[in-house]
Amino acid sequence: MGAGLIKRYFPGMDQISAQRFEQLEELYIYWNERINVISRKDLSNLYVNHILHSLSLAKLIRFTPGENALDLGTGGGFPGIPLAILNPDVKFTLLDARGKKIKVVENIAGTLSLNNVEPVHGRAEEFRGAFNYIFSRAVGSFSGLVELSGGKLIAGIAARDVHGLYSLKGGDLSGELASWKNKVRIYNIGEFFQEDYFQTKRIVFLPAREFPLI
């Protein structure tokens, strides 16, 4: 298991990225003892439940060098840090309102020399920026997430088909997405990874070109 699992699903990664993934377990164990960023009972499943789950987005998106992404409510750095390791030519802004969580992100990104990561302590409602992608993992309802993302996506003719809002979700989404069903695309993460954990996990994608004016 561990970093070898990441290599199995992403065999084309370079050696520097592979080494960074190997370091993540030790770093998260260290910081979790000081600042609780991951449930202690879940820490033993770090590579499946957090790192590989984050990297499901990399199975869906072919990033272009120079693009930028916002990880909205990053917590301890998911999905931003794993995606930044795998895509060193893409800039990732990791935003969270909880200063302790951002402290962890800052230290892990610094230890790994992730120069493409910018940790930001702040509230989504007050944050301003223009991004090709917005990612979220376990951040409220989808409608609430769309509202928080308003004005932060680069839309119009500058938007590629893959640009937009991506939300990592689990369970029954029929009620939550009822008002969005004609605009979103839903992807089953179990089609990317064979572990049982992913059988109920989904990626909900709202393209930038479909984004409501807020």
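The condition (being modelled with pLDDT under 95, surrounded by fewer than 18 Cβ atoms within 10 Å (Cβ to Cβ), under 17 Å from the mean Cα position of the chain (by Cα) and not charged (D, E, K, R)) is satisfied by just one residue among Gly156, Gly150, Gly170: Gly170. When Gly144 is tested against (1) at pLDDT 95 or above; (2) out of contact with any His (no Cβ under 8 Å at 6 or more places or on another chain), exactly one condition is not met: (1).
The single condition among (1) closer than 13 Å to Gly73 by Cβ; (2) of a type in the set (A, V, I, L, M); (3) out of contact with any Gly (no Cβ under 6 Å at 6 or more places or on another chain) that Leu173 does not meet is (1). Would it be correct to say that Ser167 is among the polar types (S, T, N, Q), farther than 27 Å from Gly66 by Cβ and not in a helix (DSSP H, G or I)? No.
Give me the residue from the stretch 173-196 that is at pLDDT below 95, assigned to a helix (DSSP H, G or I) and touching a helix residue (DSSP H, G or I) at 6+ places or on another chain (Cβ under 8 Å) and, out of that set, surrounded by the most Cβ atoms within 10 Å (Cβ to Cβ). By that ranking, first place goes to Trp180. It is to be established whether one or more residues within the stretch 7-20 are surrounded by fewer than 20 Cβ atoms within 10 Å (Cβ to Cβ), without any contact (Cβ under 8 Å) to a residue 24 or more places away in the chain and under 25 Å from Val139 (Cβ atoms). Looking through the stretch 7-20, none of the residues is surrounded by fewer than 20 Cβ atoms within 10 Å (Cβ to Cβ), without any contact (Cβ under 8 Å) to a residue 24 or more places away in the chain and under 25 Å from Val139 (Cβ atoms). Here Leu60 meets each of (1) closer than 20 Å to Thr200 by Cα; (2) buried (at least 18 other Cβ atoms within 10 Å of the Cβ); (3) of a type outside the set (Ser, Thr, Tyr) with one exception, condition (2).
Taken over the stretch 148-200, residues that are of a type in the set (Val, Ile, Thr) and in contact (Cβ under 8 Å) with a residue 60 or more places away in the chain amount to 2.
The values are calculated or read from the model by the stated rules, or taken from the named source; none is laboratory data. None of the values given here were measured: they were computed from a predicted structure. Reconstructed Cβ throughout: ideal geometry from the backbone, glycine too, with neighbour counts over all protein chains shown.
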